[in-house]
Amino acid sequence: MIVLLHHLLSTLASPLVALGFFLHSRFTRHKREHLGEHFGAMPQTPAGKETLWLHALSLGEVVSAGPVLKEIRALRPETRLVVSVTTDSGYEGAKQHLPMADLVVFHPLDCWPFTQRALDTIQPDVFVLTDTGFWPGLLAQLKQRGVPALLFNGRISRRSLRRYKMLGGLARSLLGFFDQLCMQDAQGQAAAIALGADPERVRVLGDPKYDAVTRLSEDGRTELRDKLKIRPNVPVIVAGSTHAGEEEIVLSAYRSLKVRDADLVLILAPRRKERVAEVASLLVERNVPFTLRSRIGEDAALNEDVILVDTLGELASLYSIASVAFVGNSLLPPGGGHSLIEPLSYAVPTLHGPFIENIRHVAGPLKEAGLAYPVETPGEMQETLQTLLWNRDDGQRAERALALMKEYQGASRRMAELILKLLAPPNA
């Protein structure tokens, strides 16, 4: 009944939804080139090939999906790989990081006419959803067509669990659309079962971000420093994926530390590119010299204190030259946290705030290994940064980081094997 009601309401609303999206595209110039894909008008592809449709919401999910698709391409090269995304950064990231994909599109809006049209064109044999952005209309249609649906890299935070419980039977129905729920950790597994998922269909595969890491070589790191005009021995703080309110705290700590070492450089990378102008205004207001990453030329020297990152896809490599890092969306509520795995791969000591519901499964082991440092106040941030900048144990830290990375890798391989079991047997 709930599914029928969703289909009915979404069908009635689809003309207004289409009009709203069209006007938004016309006046903001966003998604204009791929507008039709949101309404289910997907590019035609050759019929008759077994097809995996994987949905990755945004850039983070795209990166997580990369190793899985790479495994599948190697093991089953004839399979057509279709990737859908929701955000512009996800689309750009998929084009850059998923060269094995046969088709990258924007996910259709979850209205019955749009999803029906997309399914008729793509004709998937398996659908994989990364993370936990549920699409009830599409999931119901997949079930009706007999197409297996898998959740990959699933996570249900304590806060999300409380919200889902308020939905009662609807949450159980949503989870029931999946043939397999593959969760990051035991907490997510327990949460899914508590919401009514069949325990036989819930398993822990781990976090694929451990498999997605690609490290710059020593020469690559030296070249990156040269490009950024940062001398070899100059200490660098990288504050990555910051959200509103966090830049002020990081900047305050940095300016205090700058008194001790005038060469200290801060690389500031807001989570969303749209916030670069806002952060630039803050730096101007605080009278802090800065340069945009995109404007660092081949010849000009770096004369500013701060590099403000206004490019996409560089943060992971920027961690490679960090003396110490901070990962944002963690200092202020509600937060949730962003990935700590990229700085971990370079054994960079990394700070984060107390609001880390989404990354607690990573932060805990890192703290125990002496690789992650929780801070709650501006004073704690400054004190911890000072300690880590000028009291290093790089050799031992690198060994611990390498051991931890190896221990937690393998989720992507396990997911690829599960998907291949559901696809048709390879052609003779």
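The values are calculated or read from the model by the stated rules, or taken from the named source; none is laboratory data. In this text the structure is predicted, and so the values were computed from the model without any measurement. Note that each Cβ is placed from the backbone with ideal geometry, even for glycine, and that neighbours are counted across all protein chains shown.
Worth pointing out:
- Residues that are closer than 30 Å to Phe127 by Cα and of a type in the set (Asp, Glu) do occur in the stretch 411-425.
- Residue check for Ser84: among the hydroxyl-bearing types (Ser, Thr, Tyr), assigned to a helix (DSSP H, G or I) and within 27 Å of Gly188 (Cα to Cα): no
- The stretch 86-112, subset β-branched (Val, Ile, Thr) and at pLDDT 95 or above, residue surrounded by the fewest Cβ atoms within 10 Å (Cβ to Cβ): Val104
- All conditions in (1) without any contact (Cβ under 8 Å) to a residue 12 or more places away in the chain; (2) assigned to a loop (DSSP other than H, G, I, E, B); (3) more than 28 Å from Gly220 (Cβ to Cβ); (4) of a type in the set (Gly, Ala, Ser) hold for Ser281, with the sole exception of (2).
- Selection from the stretch 236-266 of residues that are of a type outside the set (A, V, I, L, M, F, W, C), on the phi < 0 side of the Ramachandran plot and either surrounded by 20 or more Cβ atoms within 10 Å (Cβ to Cβ) or not assigned by TED's automatic domain parsing to the domain that holds Gly353 (or both): Gly240, Thr242, Glu246, Glu247, Tyr254
- Subset of the stretch 343-370 (residues that are surrounded by fewer than 20 Cβ atoms within 10 Å (Cβ to Cβ) and within 21 Å of Ile249 (Cα to Cα)): Pro354, Phe355, Glu357
- Test: residue in the stretch 55-74 that is crowded, with 21+ Cβ neighbours inside 10 Å, within 20 Å of Leu174 (Cα to Cα) and among the hydrophobic types (A, V, I, L, M, F, W, C): yes
- Screening Ser64 against (1) assigned to a strand (DSSP E or B); (2) within 11 Å of the chain's Cα centre (by Cα) leaves a single unmet condition, (1).
- Meets criteria (closer than 28 Å to Asp393 by Cβ, assigned by TED's automatic domain parsing to the domain that holds Leu228 and touching a Ser or Thr at 6+ places or on another chain (Cβ under 9 Å)) for Ala316: yes
- Considering (1) under 27 Å from Phe355 (Cα atoms); (2) within 22 Å of the chain's Cα centre (by Cα), the lone condition that Lys165 does not fulfil carries the number (2).
- Selection of the stretch 106-118 for residues being within 22 Å of Lys95 (Cα to Cα) and either acidic (Asp, Glu) or assigned to a helix (DSSP H, G or I) (or both) yields only Ala118.
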